[in-house]
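A short worksheet on the structure shown next.
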Amino acid sequence: MRKRKGLQLFAAPTNTTVAADLEPAISVDFTSRIHQNITELQRVLGISDMLPMPAGTDIKIYKMSRKNTPAQVGEGETIPLTEIERKLVKTITLDLNKYRKNTTAEAIQKVGRNMAVNRTDEKMISEIQKDIKKQFYTTLATGTGTVTGTNLQTTLANLWAKLQGYYEDMDVTPIYFINQQDVADYLGTAQITMQTAFGFTYIENFLGLGTAIVSPQVAAKTPIATAQENLNGAYAPVSGDVGQTFGLTTDATGMIGMTHQMKSDNATIDTLILSNVIFYPEYADGVFKGTIQGES
């Protein structure tokens, strides 16, 4: 009886807020929202499946070209070799990205948990999405094809023509990346319907040429075009040993892992996010960069 009473003295009082009340509910909400945003971006980019790869995997982007044009020969003669060169253009290492934020008890007391924890978590997630977009546009810039035009319409038309030539044996869907000022200069007061996904603004069937994604990450007067079929997505899953070790709440795929931990030693809450999601073109020579030169 004495031992039983002693144990009860150390039991948590009824209705005490414990770690389970904070986690995983908040993390589940955020990871599901991030996953939904990524899925929507996949749809816009035309990527059907994200490829899971081990952390540390090197993703290589190549340029393919034919180096010679052998002449045809007569019956029985030796057929000259056609030489195809595959040249490495860029290597992306799929490292595990780590993000951490710490919220104090004083901050929670001052503005409430929703503002101190949830709203600042949302801001950190927004910055993570910006990092993903920045990496994607940096990779697109490795494209090797070029065209010019006098305005946005003619430049996009020339980009469309280049895509048709490069992918002449394939049924592909063009996609364009344009600076918002170029769109504004062209459209003026015209009415268009813009949509958003993962912080991207996009216009479906822009000028009848294909989907156009509008972003300040693309330099003004330098639109970029490729085929949706040339774009891929990959991620390093965080749902295995890493997720279990750190108590991460993950989405169904393991693309995003998040946890909140209350720290009694300094009266703070840690927010931890582990992830690496990247989007990239498979072939650099299938990406074309335009230049709007203006009227001569």
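So THR201 fits all but one of (1) in a loop (DSSP other than H, G, I, E, B); (2) open to solvent by less than 50 Å² (accessible area, probe 1.4 Å); (3) of a type in the set (Ser, Thr, Tyr); what number is the exception?
So THR201 meets the others, but not (1).
Considering every residue within the stretch 262-285, establish whether at least one is at pLDDT 90 or above, surrounded by fewer than 22 Cβ atoms within 10 Å (Cβ to Cβ) and on the phi > 0 side of the Ramachandran plot.
Yes - at least one qualifying residue is present in the stretch 262-285.
Can TYR186 be described as under 17 Å from the mean Cα position of the chain (by Cα) and either open to solvent by 10 Å² or more (accessible area, probe 1.4 Å) or more than 26 Å from ASN97 (Cα to Cα) (or both)? Talk me through it step by step, then tell me what you get.
Working: under 17 Å from the mean Cα position of the chain (by Cα): no; either open to solvent by 10 Å² or more (accessible area, probe 1.4 Å) or more than 26 Å from ASN97 (Cα to Cα) (or both): yes.
The answer is no for TYR186.
Pairs please, first residue from the stretch 270-296 and under 28 Å from ILE125 (Cβ atoms) and in a loop (DSSP other than H, G, I, E, B), second anywhere and polar (S, T, N, Q) and open to solvent by 40 Å² or more (accessible area, probe 1.4 Å), Cβ atoms under 8 Å, 6+ apart in sequence or on different chains.
Here the result reads ASN276/ASN97, each pair linking the stretch 270-296 to a residue that is polar (S, T, N, Q) and open to solvent by 40 Å² or more (accessible area, probe 1.4 Å).
Can you tell me which residue among ILE125, ILE108 is within 26 Å of GLY254 (Cβ to Cβ) and assigned to a helix (DSSP H, G or I)? Explain how you work it out, then say what you get.
Details: ILE108 fails: within 26 Å of GLY254 (Cβ to Cβ).
Of ILE125, ILE108, the one residue that is within 26 Å of GLY254 (Cβ to Cβ) and assigned to a helix (DSSP H, G or I) is ILE125.
In this structure, is ASN158 in contact with a strand residue (DSSP E or B) (Cβ under 9 Å, 6 or more places away or on another chain) and within 19 Å of ALA141 (Cβ to Cβ)?
Numbers: in contact with a strand residue (DSSP E or B) (Cβ under 9 Å, 6 or more places away or on another chain): yes; within 19 Å of ALA141 (Cβ to Cβ): yes.
It is true that ASN158 is in contact with a strand residue (DSSP E or B) (Cβ under 9 Å, 6 or more places away or on another chain) and within 19 Å of ALA141 (Cβ to Cβ).
Right, MET115: part of a loop (DSSP other than H, G, I, E, B) and modelled with pLDDT of 85 or more or not? It would help to see each step written out before you state the result.
On the way: part of a loop (DSSP other than H, G, I, E, B): no; modelled with pLDDT of 85 or more: yes.
When the stated conditions are applied, MET115 does not pass them.
Give the stretch 65-76 a look and list any residue that's open to solvent by 70 Å² or more (accessible area, probe 1.4 Å) and in contact with a strand residue (DSSP E or B) (Cβ under 7 Å, 6 or more places away or on another chain), or say none.
The answer is ARG66, LYS67.
The values are calculated or read from the model by the stated rules, or taken from the named source; none is laboratory data. Since the structure is predicted, the reported quantities are computational estimates derived from the model, not experimental observations. With ideal geometry, Cβ positions are generated from the backbone for all residues, glycine too; neighbour counts draw on all protein chains shown. Each accessible area value is taken on the protein alone, full model and side chains, heavy atoms only, with ligands, DNA and RNA left out. Shrake-Rupley method; radii C 1.70, N 1.55, O 1.52, S 1.80 Å.
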